[in-house]
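Taking it in order: structure first as structure tokens, then the write-up.
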């Protein structure tokens, strides 16, 4: 089954304790992206990746890191989480990026992070 | 920069009735994609319908249809014969066809309640 898998689905942690949210897709997609969803703000892009070893900042990258060492995986890293990073996070992927892309993005099921 | 506005934070509809969710956007581009995503309580992001700006014909998917008014920059979603399972948060989203980010720009969402 074609899917984007995120783990964990829920996490409660404390300020400053490094955490990683994993994202994996089994569709051989080139493009992957992270969004955060906050009430009244919709979803906003954090980081994206055009392909392996190619990543770039989205609209709200502060406090986050990503890596793309393999095509299928795109982890989101919070080196020193803070309460303002409490949010619902989504990973998404699509076959291609830019002008080659006419396909909608596939979303993971979301990760609810609470930073105390 | 492009923006997407959903002016109705909440809507309610009776089962079997029709409801229209509004979405407006601002862009200087001539070609782009527009999407409606549904987010049920399970938090999944489910693509409902997609419209390509260069196509004048309004997209339809079963009970879901759009009214795309390019000159007015309006992209409303009509749900016919509403069902209890349609209750969800609905997000309107915009994506450029050019550039490299594949970024989806989301509105703030409309929470739809379906009354039995």
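Read the figures in this text as sums done on the coordinates, not as results from a lab. Here the structure is a predicted model, which means the values were calculated and not measured. Please note: Cβ atoms are built from the backbone with ideal geometry, for glycine as well, and neighbour counts cover all protein chains shown.
Listing for the model above:
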{"item": "Projected label distance in nm at residue B:115 and residue B:67, using a 7 Å step from Cα toward the beta-carbon", "result": "2.2"}
{"item": "Distance-filtered residues of segment B:16-34 - backbone nitrogen under 19 Å, label point 7 angstrom along residue B:2 Cα→Cβ", "result": "B:22-34"}
{"item": "Span from the segment A:54-92 Cα centroid across to the segment B:1-77 one, whole angstrom", "result": "28"}
{"item": "Cα Rg, Dmax (largest Cα-Cα span) when computed across chain B, Å", "result": "13.8, 45"}
{"item": "Per-q log10 I(q)/I(0), segment A:37-116, q = 0.17, 0.22, 0.24 Å⁻¹ (Debye; single scatterer per alpha-carbon; no solvent)", "result": "-0.73, -1.19, -1.38"}
{"item": "Mean separation of Cα contacts under 8 Å (6+ apart) over length of chain A, as relative contact order %", "result": "36"}
{"item": "Sorted peptide list for A:4-16, B:103-115, criterion being average Cβ within 10 angstrom, highest first", "result": "B:103-115, A:4-16"}
{"item": "Pair residue A:96, residue B:18: separation of 7 Å Cα→Cβ label points (nm)", "result": "3.8"}
{"item": "Residues of segment A:1-43 with amide N under 13 Å of a point placed 7 Å along Cα→Cβ from residue A:103", "result": "A:2-4, A:25-32"}
{"item": "Calculated FRET efficiency for the pair residue A:14/residue B:97, C-beta based, R₀ 30 Å, to 0.05", "result": "0.10"}
